[in-house]
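Note sheet for the following structure.
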Amino acid sequence: MERSLSDKAAFVVGCVRMLGLEAQASRLSQFYDVLHKLDGTSKGLIEPGAPGFQIACEALRDLTQLEFFFDQVDIASESQEIKPKVKLVVKDSTLPQDAAPESPGRDAQAELFVFGACRKAGLKPVFKEPDIVCTLSGQALPLAVKRVKNMKQLVKRIREGARQITRAADYGIIFVDVVIAMNPKNHRVIAKMPDTDFGSAWSELLGELVKRHYGGIQQAIHNERVLGVILHDHWVRMDSSDHWRLETMTYGVPAHGRQLTEFIGKYLHALPNLKWVTK
């Protein structure tokens with residue numbers, strides 16, 4: 001059964017504490033406090049304009065991603081592997097548009113999301129240079145995970161990931177989280193539209209982004225051991241049924257064929273909240 005948003009907050013904070021980490025005075029504890037009364041019960045629906053509404057919307061994105069990660073791992077047996085990454089997650093501002101230039105918390109969160117999807121897809125991920133290494137058809141598959149907060153940095157960050165993968169000595173894939181670069185003021189989608197219309201509009205938006213930077217992306221990965229680049233975007237929106245929900249989109253820029261196709265076939269089926277895919 002799907003957890004409510006307040007239950008997601010309690011679950012994620014509980015998982016962090018199970019790892020021996022303190023969530024107090026972090027963005028996670030702020031999410032929890034906005035969603036719960038002093039007695040620990042849920043505040044229920046938080047309407048637009050109410051105190052804490054913007055934080056509750058951000059909680060929907062962050063807590064859904066972190067919930068997904070924790071649902072894929074066994075804290076008791078994997079604590080030593082995952083603890084260093086989770087320790088970073090509690091850092092950062094509550095709202096990403098208020099973040100300092102360095103944002104280790106959400107950078108780590110982007111890695112945890114990719115790790116969780118790879119785990120669910122049966123790709124046996126481990127945290128290892130460049131960021132994550134999976135196993136695909138018996139071969140090591142390194143993944144570099146980048147988070148871009150300004151589109152002017154997109155090609156530069158992809159180039160960094162490409163060089164990291166080449167140093168890893170196996171062909172790999174670059175993931176780029178473009179959430180705040182696509183939406184620097186962190187607006188919510190309040191226009192109600194059918195899912196297909198929303199997905200089409202979103203796909204066109206990311207397609208235009210890739211088209212503008214395609215030459216630079218191809219230059220950045222040329223002569224490097226890169227199978228392709230996968231962009232991730234996550235939007236909080238009001239759907240046509242008046243429910244706030246998180247949507248995920250992934251957009252692939254291929255460089256090589258068979259291995260990337262095999263990976264994407266497994267990876268996409270593992271993603272939660274997937275709205276639209278363009279390859």
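Brief remarks follow.
- Selection within the range 6-46 - touching a strand residue (DSSP E or B) at 6+ places or on another chain (Cβ under 8 Å) and not in a helix (DSSP H, G or I): His36, Ser42, Lys43
- Residue ID - nearest to Asn186 (Cα to Cα), chosen from residues in the range 252-279 that are touching a Lys or Arg at 6+ places or on another chain (Cβ under 8 Å) and of a type outside the set (Val, Ile, Thr): Asn273
- Only listed residue being of a type outside the set (Val, Ile, Thr) and surrounded by fewer than 23 Cβ atoms within 10 Å (Cβ to Cβ), chosen from Gly138, Gly161, Gly116: Gly138
- Answer residue from the range 83-115, given it is among the hydrophobic types (A, V, I, L, M, F, W, C) and in a loop (DSSP other than H, G, I, E, B) and is nearest to Glu247 (Cα to Cα) among those: Leu95
Yes/no per residue for (1) assigned by TED's automatic domain parsing to the domain that holds Pro194; (2) without any contact (Cβ under 8 Å) to a residue 12 or more places away in the chain; (3) farther than 18 Å from Ala110 by Cβ; (4) not polar (S, T, N, Q):
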| residue | (1), (2), (3), (4) |
| --- | --- |
| Asn223 | yes, yes, yes, no |
| Gly228 | yes, no, no, yes |
| Asp239 | yes, no, yes, yes |
| Asp242 | yes, no, yes, yes |
| Arg258 | yes, yes, yes, yes |
| Lys266 | yes, no, yes, yes |
| His269 | yes, no, yes, yes |
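- The number of residues in the range 22-45 that are of a type outside the set (Asp, Glu) and under 11 Å from Ser6 (Cα atoms) comes to 12.
- Residue satisfying all of: in the range 149-199; of a type in the set (Gly, Ala, Ser), assigned to a helix (DSSP H, G or I) and touching a strand residue (DSSP E or B) at 6+ places or on another chain (Cβ under 7 Å); farthest from Asp131 (Cα to Cα) among these: Gly199
- Selection status of Cys118, assigned to a helix (DSSP H, G or I), of a type outside the set (D, E, K, R) and either in contact with a Pro (Cβ under 8 Å, 6 or more places away or on another chain) or not assigned by TED's automatic domain parsing to the domain that holds Ile264 (or both): yes
- Residues that are at pLDDT below 90, assigned to a strand (DSSP E or B) and either out of contact with any Asp or Glu (no Cβ under 6 Å at 6 or more places or on another chain) or of a type in the set (Val, Ile, Thr) (or both) occur at least once in the range 267-275.
The values are calculated or read from the model by the stated rules, or taken from the named source; none is laboratory data. Here the structure is a predicted model, which is why all the values come from computation and not from measurement. Methodologically, a virtual Cβ is constructed for each residue, glycine included, from the backbone with ideal geometry; neighbour enumeration extends over all protein chains shown.
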